[in-house]
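Note sheet for the following structure.
The values are calculated or read from the model by the stated rules, or taken from the named source; none is laboratory data. Predicted, not measured: the structure shown is a model, and the values here were computed from it. FYI the Cβ positions are ideal-geometry reconstructions off the backbone, even for glycines, and counts take in every protein chain you see.
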């Protein structure tokens, strides 16, 4: 084997190795592309799943729902209850409605603005809520109000949704029933037409058969007459 043959063999080997490396790079590239495609396909499938969309809608609606409840509670009900508390318990608001189990008091400065300057004109004794033990009825009442508001609004929404769903379901059932009746009517028309066609074909066949028998009888009669003449 000469030098040229060795060089040719080495060139073939190098070319084969290069082709193999190129093939592996292509396979890796296709594999990565497939993995990337599968990732985005799975992600798309995940975000378009019904329960994920329902959860997102529930979170958004829940946030808006909370804002509505807070607005009604804080801007409508609390002022009415505060006015009622002022009449019954001589308190200005729910935040001042306490029952003390252990009351600790402290002095608080009474301040007034005189000639643009805030000055202390005296002191008053107030409950020290930090060190006192008490039942905060205002917070309890507020929590009960919020609960009742949420329960009431949920009940109203559920009631409306149920009625709407029943109407939609009734329309769907009525449409399905109408479609089924229409289909049955079409099938009956087709069946009647097929039966009529079958009856007509049978009658035509019977008529042809009777004509055939009549023709045979006539030919037989003619043959008998001819035989008698002979």
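Using the structure shown, decide if residue 173 is at pLDDT below 85 and either part of a helix (DSSP H, G or I) or surrounded by fewer than 10 Cβ atoms within 10 Å (Cβ to Cβ) (or both).
Details: at pLDDT below 85: no; either part of a helix (DSSP H, G or I) or surrounded by fewer than 10 Cβ atoms within 10 Å (Cβ to Cβ) (or both): yes.
When the stated conditions are applied, residue 173 does not pass them.
Evaluate the stretch 164-186: report whether one residue or more is in contact with a helix residue (DSSP H, G or I) (Cβ under 8 Å, 6 or more places away or on another chain) and under 30 Å from residue 68 (Cβ atoms).
The first filter runs over the stretch 164-186 and keeps only residues in contact with a helix residue (DSSP H, G or I) (Cβ under 8 Å, 6 or more places away or on another chain), leaving none.
No.
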Candidates 117, 125, filtered to the one that is surrounded by fewer than 10 Cβ atoms within 10 Å (Cβ to Cβ) and in contact with a strand residue (DSSP E or B) (Cβ under 9 Å, 6 or more places away or on another chain): 125
Just to be sure before I move on: is residue 41 within 33 Å of the chain's Cα centre (by Cα) and modelled with pLDDT of 80 or more in the structure I sent? no
Looking at (1) loosely packed, with under 10 Cβ neighbours inside 10 Å; (2) at pLDDT below 80, which is the one condition that is false for residue 146? (1)
Result of the Cβ filter at 9 Å on the stretch 94-109, keeping first residues that are farther than 22 Å from residue 77 by Cβ and partners that are at pLDDT below 80 and in a helix (DSSP H, G or I), at least 6 apart or interchain, is none
Looking only at strands (runs of 3 or more DSSP E) that fall completely inside the stretch 79-149, which ones have 1 or more residues that are within 48 Å of the chain's Cα centre (by Cα)? 98-102, 133-136
